[in-house]
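Any read-out appearing in this document is the output of simple, stated calculations on the displayed coordinates, not a laboratory observation. Just so you know, these numbers come straight off a predicted model, no measurement behind them. So basically every Cβ, Gly included, is an ideal-geometry build from the backbone, and we count neighbours across all protein chains shown.
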């Protein structure tokens, strides 16, 4: 059995020396990593070592060094040998009064040091997984379609759980297997505590396997009042940057249990839908006069349509010759709203930013109290939001401006100026 320090000052001095050595070792190792290793990493062409340095993997591992010194140095500082500590568990060994507390203290410090080493290793391993995720996102274009952050977080969580079990086992001086077997009765509570984690893990697997969302997707989640781009997919949460630049954080399992809209299909198709109607005053719908037909025939987009219609009308008139003069003939002619529909259809077909491989319709909807709607259904070949809105505005600006050429008037609810005219005074 090693002798005790000669005096209390010697005991304090030994502990102080150990503390100073531990502090110096921690400072030395962190300095070496911060200066030398970072410098070496910056000189290499690869970026994976830079990501490891940014996540402070080695900096966290450096804290293991003082813990190792504490484990092996506490015996020297207290004058206790490894044999003394090992014999503490033997009930046949009798220690003197001043020796036993020192052996107990040394044993406690060693247990705490080992537990600290285990937890520190788990923290460093978690940082390494974060660096691996950064490397994956940088090096592989598939990272946006197949993010692995959620899976790495599961591995990190398991590492923390294992480290916690081992650390508690070391502190309690029991086998980890025996410790885990004692947790069987608490399994229901553990499942309840980690309910969200289990749900998120299952949801993450389903989301990734079915390719439901990716980083960069534009999604709408009405239940969470979220509308914007996905910026991060983690185990527990999905972060969405809304169009007002706010961030919505939604639990991952919500994307399995609730409905949402993903606009990725629109972006990948290369076409964005335009679906809008113009409502016409029914009182302005009529047959075109001959001079109006001649005028509209000079429009480039209507030239072939008007020629075809005039030939069709001429054939119809020829087929009716010789019939009973007392009968009122069938009224066939060009209507201003029908000609306008043909104009819009040909105008859109000739438009350079309208997708020619997708549905293009100009249709009349059911008339109602607000007039007769003519709906335009087509797709822009530019899915950018700003360009899409500009195109949609330009198209309808043109259509509203061309209406007088057809003798048509868009329907509009009466305004204050209209009531002022009815009252016999000019609107202000």
Residues residue 54 and residue 28, FRET efficiency given R0 of 25 Å [Cβ-Cβ distance, rounded to 0.05]:
0.70
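Fewest first, what order do 42, 126, 297, 204 take by the number of other Cβ atoms within 10 Å? Don't skip to the end; give the middle numbers.
Details: 42 10, 126 21, 297 15, 204 26.
The order, fewest Cβ neighbours first, is 42, 297, 126, 204.
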Which FRET efficiency value, to the nearest 0.05, do you get for residue 171 and residue 229 by plugging their Cβ-Cβ distance into 1/(1 + (r/R0)^6) with R0 = 45 Å?
0.45
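Determine the shape class of region 211-264: with a ≥ b ≥ c the square roots of the Cα gyration tensor eigenvalues, call it rounded for a/c under 1.5, and otherwise prolate if a/b is greater than b/c, oblate otherwise.
Details: a/c = 1.24, a/b = 1.21, b/c = 1.02.
Since a/c stays below 1.5, the shape of region 211-264 is classed as rounded.
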